[in-house]
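Data block below; observations after.
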Amino acid sequence: MKLLRAIALDPSDTFVFDAAAEPGEWAVSGAFRFCDQDPATLSGKARAAFRSGFLGVQSWGWSTLVQIVPATESDCRAVIELLAGQLIDRFGAPDPATARTAAEEEVAFVRSLCTHPISSLIAVHRSVSDGEVRESFRRLQLRQGQGHGKAFSFMEAEDDVEPDSNVRLADMSQEEPQHR
């Protein structure tokens, strides 16, 4: 089994988002955080979180990138329970059963994103089209022989629609996403 963990290649998330996820914490898409907001009215750091943030399950902060990591059934259950608790405490879920169901769905979605090899980095781009939130995900490739040491060691991205596309991190917020 594979899940997602927040990763910080530099301190930029602490400037980009109101709250940055802690490196290494479990992460989910987090698009649900915007269900009661009109994305067209978001600005600044809230807009950045909507457009390109993964939600750290424990900190409730945002991460621009996540890493695919191996996980056990116990890890998966722990993420579900932690997220369910957060949905009650921070998001006002009406009861534990509803929160757990929502957390299970969110974690199942995360698992569906983990089709790439362990250690792959994933970026998200969200937009609104015809009143619906659309998410597209890209896998960032390392240059030959590079480790996850520097943000600028990444040069290619692969997504499910256009596997040979190139992306620059600085241009990601200006690209039109491929809808799934």
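The values are calculated or read from the model by the stated rules, or taken from the named source; none is laboratory data. Predicted, not measured: the structure shown is a model, and the values here were computed from it. Reconstructed Cβ throughout: ideal geometry from the backbone, glycine too, with neighbour counts over all protein chains shown. Ligands, DNA and RNA are excluded from the accessible area calculation, which covers all protein heavy atoms including side chains. Shrake-Rupley method; radii C 1.70, N 1.55, O 1.52, S 1.80 Å.
For the range 39-75, a residue qualifies if it is hydroxyl-bearing (Ser, Thr, Tyr) and more than 16 Å from HIS125 (Cα to Cα), and the qualifying residues are THR41, SER59, THR72, SER74. When ALA157 is tested against (1) modelled with pLDDT under 85; (2) open to solvent by 20 Å² or more (accessible area, probe 1.4 Å), exactly one condition is not met: (2).
Number of residues in the range 11-51 that are in a loop (DSSP other than H, G, I, E, B), open to solvent by 60 Å² or more (accessible area, probe 1.4 Å) and more than 11 Å from TRP62 (Cα to Cα) equals 6. Figure legend. Inter-residue proximity from the range 103-114: first residues without any contact (Cβ under 8 Å) to a residue 60 or more places away in the chain and farther than 17 Å from CYS35 by Cα, second residues of a type in the set (Val, Ile, Thr) and open to solvent by less than 30 Å² (accessible area, probe 1.4 Å), beta-carbon distance below 6 Å, spacing 6+ or different chains. Indicated pairs: GLU104/ILE80.
For the range 75-118, residues that are open to solvent by less than 70 Å² (accessible area, probe 1.4 Å), outside any helix (DSSP H, G or I) and either of a type in the set (Ser, Thr, Tyr) or closer than 12 Å to LEU3 by Cα (or both) total 2. When PRO70 is tested against the conditions (1) touching a residue at least 40 places away in the same chain (Cβ under 8 Å); (2) farther than 22 Å from ARG134 by Cα; (3) crowded, with 18+ Cβ neighbours inside 10 Å, the lone failure is (3). Apart from one condition, ASP95 fits all of (1) within 21 Å of SER119 (Cβ to Cβ); (2) free of Cβ contacts under 8 Å to residues at least 40 places away in the same chain; the exception is (1).
Condition test on PHE32, is it in contact with a Leu (Cβ under 8 Å, 6 or more places away or on another chain), closer than 24 Å to ASP130 by Cβ and of a type in the set (Phe, Trp, Tyr)? No, not satisfied.
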